[in-house]
Amino acid sequence: MTDHELIWRIAGGSGDGIASTSQNFAKALMRAGLHVFTHRHYPSRIRGGHTYTEVRVSADPVKSRGDGYNFLLALGDSFARNPSEGAYYGNEEIKPLSENLDELNEGGVIVYDSGLLDASEIEDFDERVEENNWHVYDIDLRTIAREHGREVMRNTAGVAVTCAIADIEPDVIKSLMSDAMPDKILEPNLTVFDDAYEMVQEEYDVEAPDVSAPTGEHDEEQVLLSGSDAIAYGAIDEGCRFIAGYPMTPWTEVFTIMTQNLPELGGISEQVEDEIAAAALAIGASHAGVKAMSGSSGGGFSLMSEPLGLAEITETPLVLVEAMRAGPSTGMPTKPEQSDLEHVLYTSQGDSHRIVFAPGTAAEAYYQTRKAFQIAYEYQIPSIVLYDQKLGGELSNVPASVFDEEPNADLGSVLTEAELEDAPHDDSGKYQRFQHDTENGVSPRSLPGQKGGRYLATGNEHMPAGHISESPENRVAQMNRRMQKVDNIRAELDADGEFNTVHGDEDADLGLITFGSQQGTVEEAADVLNEKGHSVKVLGVSEMMPFPKQQVADFLDSVDEALVVEMTASAQFRGLISKELGGYGDQMSSLLKYNGNPFEPADIVEGFETALLEGEELPDNRTKFVPKVGE
């Protein structure tokens with residue numbers, strides 16, 4: 001997948017500025033007319049360690065990280081705690097070079113900071129370089145940076161070396177530096193950049209490697225953002241003005257973005273003592289008449305189970321976001337996985353009812369977050385946006401027009417005081433907030449302080465005015481009405497037809513099904529398979545609850561076999577399909593990945609051809625194939 005594109009990996013230690021440098025590099029190339037997609041890898045340890053970010057750039061749209069990469073900038077870990085090979089985590093200083101060789105494609109480029117790294121410490125380095133025809137540049141970036149400023153500027157020197165070797169116009173980068181840096185540090189950084197760029201041009205053969213950045217042009221204005229950005233902006237544009245939360249990787253990014261923006265919009269952000277309090281505060285704010293949200297990752301979301309049930313039975317609108325990571329328990333908190341699916345669908349008490357979206361792209365994250373608010377406040381039901389560290393942290397260019405939709409502050413099914421005058425009340429004057437018989441399951445709510453809007457809100461089952469009731473007739477009436485909402489929401493989503501994506505030849509014989517962040521990767525894999533002569537199409541499902549039974553059944557009916565691709569060890573998504581449709585077990589196989597790294601397109605191509613079509617075992621432990629029922 002690396003022909004005619006640059007996939008650049010910058011590696012260093014936590015604290016070496018890897019994330020900010022890669023983000024600026026990606027933004028600069030996007031501004032130059034290219035399509036970009038980033039992938040970030042960082043350690044879970046508080047003490048830090050080896051981290052890298054890939055930036056994939058192409059003249060054509062890209063939807064995924066690539067297959068391997070072709071340019072390594074290894075800065076070394078300047079914060080390495082223990083350079084000894086006998087340490088628990090090995091020689092951490094050398095890891096940005098030694099641990100990034102396995103995925104470097106043949107003919108690729110290695111630039112490493114010889115002011116910090118010594119390649120001779122890697123036992124088979126020279127042999128691997130010769131075997132893979134790698135082009136190696138050992139450049140003392142540390143000294144260049146120190147001569148003109150501070151050591152941290154070796155990142156700038158490394159980017160300049162990249163430009164010289166990969167034939168990137170220097171002004172593309174320097175223009176962004178001028179926009180992003182204050183004058184105090186801009187001038188020394190520009191000097192470092194020019195010195196490193198000119199040195200490489202004069203002293204090294206930059207014509208040798210066949211690795212260069214393409215050129216391109218966008219048809220419309222683009223913005224660079226992550227799924228976390230998109231979720232936060234979608235919430236803001238849909239009128240959310242309250243958020244409560246507690247930090248937990250990787251949900252913290254959404255919480256931080258909201259916290260940075262809400263005060264300027266007259267909103268409130270509250271960091272509280274735990275996730276129970278966070279969800280409870282959001283319920284209280286929503287009850288009072290404010291669009292509100294909260295969220296967490298797996299462990300914190302577990303604590304939200306009790307308030308989630310409270311929101312369901314009191315019919316209080318609520319939007320939660322859940323950022324999946326590799327569990328159980330703390331697991332691998334900075335690595336992507338999709339194994340919170342069943343947890344999010346079913347946690348709570350009793351026969352729960354909620355809406356769950358799992359967006360597959362940054363644009364979908366924006367749209368579906370807005371839709372989550374619309375449904376929550378119209379139907380008085382919890383809505384959950386389910387994503388993972390991959391979607392939340394990866395950056396991609398998105399057309400600015402995606403965000404042109406008008407803001408919406410509508411609170412949904414709320415009565416005015418004039419409407420409350422004609423609404424049913426009991427003998428004590430309380431508004432019958434939870435009426436049995438409604439057109440779509442929704443009994444309109446009143447807000448605290450409204451004349452004629454007084455009622456009781458309780459976590460117990462209740463009669464129309466809110467008083468506790470254990471009457472069998474009342475229980476059945478209230479449960480049927482609440483569950484009726486889900487049926488009506490399903491009908492509304494079917495009518496919209498917006499949130500599940502079909503890609504590829506509509507007459508294909510073979511199918512790929514996935515959900516959430518793997519969507520773009522699966523689509524790229526399908527394109528490769530079709531180019532190789534297979535007949536393949538993709539269904540990317542975003543509507544987890546209520547499940548789009550008819551659309552998924554139609555897709556499965558249209559193909560002979562389907563491979564379900566997901567980042568779980570127990571095939572949770574395939575299990576959901578079987579549960580909801582009650583069959584198709586003899587038609588679906590699974591391709592699973594749960595080693596802490598997301599799929600690459602080549603993983604799926606290999607799994608599809610080797611395991612599904614040829615019936616052979618996959619060659620290593622990157623992915624796992626689970627055959628059809630009965631095989």
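Remarks
- Residue match in the range 385-402 (condition: out of contact with any strand residue (DSSP E or B) (no Cβ under 7 Å at 6 or more places or on another chain), of a type outside the set (K, R) and over 30 Å from V55 (Cβ atoms)): no
- The one condition from (1) without any contact (Cβ under 8 Å) to a residue 60 or more places away in the chain; (2) charged (D, E, K, R); (3) crowded, with 20+ Cβ neighbours inside 10 Å; (4) in contact with a Lys or Arg (Cβ under 9 Å, 6 or more places away or on another chain) that D586 does not meet is (3).
- Some residue of the range 286-306 being touching a His at 6+ places or on another chain (Cβ under 9 Å), in contact (Cβ under 8 Å) with a residue 40 or more places away in the chain, not in a helix (DSSP H, G or I) and not assigned by TED's automatic domain parsing to the domain that holds A491: no
- Residue among E342, E378 that is under 22 Å from S443 (Cα atoms), out of contact with any Pro (no Cβ under 6 Å at 6 or more places or on another chain), modelled with pLDDT of 95 or more and in a helix (DSSP H, G or I): E378
- Test: A562 is at pLDDT below 95 and buried (at least 21 other Cβ atoms within 10 Å of the Cβ): no
- Unmet requirement for Y594, which otherwise passes all of (1) within 30 Å of T330 (Cα to Cα); (2) buried (at least 21 other Cβ atoms within 10 Å of the Cβ): (2)
- If you check A465, A526, A569 for being crowded, with 20+ Cβ neighbours inside 10 Å and not in a helix (DSSP H, G or I), only one passes: A465.
- Within the option set S517, S542, being surrounded by 24 or more Cβ atoms within 10 Å (Cβ to Cβ), polar (S, T, N, Q) and under 30 Å from Q484 (Cβ atoms) holds for one residue only, S542.
- Taking every residue in the range 11-25 that is not assigned by TED's automatic domain parsing to the domain that holds S98 and pairing it with any residue that is buried (at least 24 other Cβ atoms within 10 Å of the Cβ), at least 6 positions away or on another chain, yields no pair with a Cβ-Cβ distance below 9 Å.
- For V200, the criteria (1) under 25 Å from E130 (Cα atoms); (2) in a loop (DSSP other than H, G, I, E, B); (3) not hydroxyl-bearing (S, T, Y) hold in every case but one, which is (2).
- Some residue of the range 601-623 being touching a residue at least 40 places away in the same chain (Cβ under 8 Å), surrounded by fewer than 20 Cβ atoms within 10 Å (Cβ to Cβ), assigned to a loop (DSSP other than H, G, I, E, B) and not assigned by TED's automatic domain parsing to the domain that holds E394: no
- The range 534-566, residues that are in contact (Cβ under 8 Å) with a residue 24 or more places away in the chain and assigned to a helix (DSSP H, G or I): K549, Q550, Q551, V552, A553, F555, L556
- Unmet requirement for A491, which otherwise passes all of (1) loosely packed, with under 15 Cβ neighbours inside 10 Å; (2) under 23 Å from S58 (Cα atoms): (2)
This table checks each residue for (1) farther than 26 Å from L391 by Cα; (2) β-branched (V, I, T).
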residue: V192; (1), (2): yes, yes
residue: D195; (1), (2): yes, no
residue: M199; (1), (2): yes, no
residue: D210; (1), (2): yes, no
residue: D219; (1), (2): no, no
residue: Q222; (1), (2): no, no
residue: L225; (1), (2): no, no
residue: S228; (1), (2): no, no
residue: A232; (1), (2): no, no
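- Note on the range 572-583: residues that are surrounded by fewer than 19 Cβ atoms within 10 Å (Cβ to Cβ), out of contact with any helix residue (DSSP H, G or I) (no Cβ under 7 Å at 6 or more places or on another chain) and of a type in the set (D, E, K, R) total 1.
- Scanning the range 134-190 for residues that are closer than 22 Å to S78 by Cβ and not in a helix (DSSP H, G or I) turns up V136, Y137, D138, I139, D140, G149, R150, M181.
- All told, Y197 meets the bar of being of a type outside the set (A, V, I, L, M), at pLDDT 95 or above and not assigned by TED's automatic domain parsing to the domain that holds A323.
- Among the numbered conditions (1) under 18 Å from L75 (Cα atoms); (2) not in a loop (DSSP other than H, G, I, E, B), the only one that D126 does not meet is (1).
- Single match in T252, T259 (criterion: assigned by TED's automatic domain parsing to the domain that holds L320, β-branched (V, I, T) and touching a residue at least 12 places away in the same chain (Cβ under 8 Å)): T259
- Filter result (over 26 Å from E492 (Cα atoms) and either assigned by TED's automatic domain parsing to the domain that holds R370 or under 42 Å from the mean Cα position of the chain (by Cα) (or both)) within the range 429-446: Q432
- Here M483 meets each of (1) over 26 Å from the mean Cα position of the chain (by Cα); (2) without any contact (Cβ under 8 Å) to a residue 60 or more places away in the chain with one exception, condition (2).
- Qualifying residue in the range 419-428 (condition: small (G, A, S) and either assigned by TED's automatic domain parsing to the domain that holds A285 or in contact with a helix residue (DSSP H, G or I) (Cβ under 9 Å, 6 or more places away or on another chain) (or both)): no
- Restricting the range 300-338 to residues that are of a type in the set (G, A, S) and more than 16 Å from the chain's Cα centre (by Cα), the residue that is surrounded by the most Cβ atoms within 10 Å (Cβ to Cβ): A311
The values are calculated or read from the model by the stated rules, or taken from the named source; none is laboratory data. From a predicted model like this one, the values you see are computed outputs, not experimental measurements. Every residue, glycine as well, gets a Cβ built from its backbone with ideal geometry; the counts of neighbours run over all protein chains shown.
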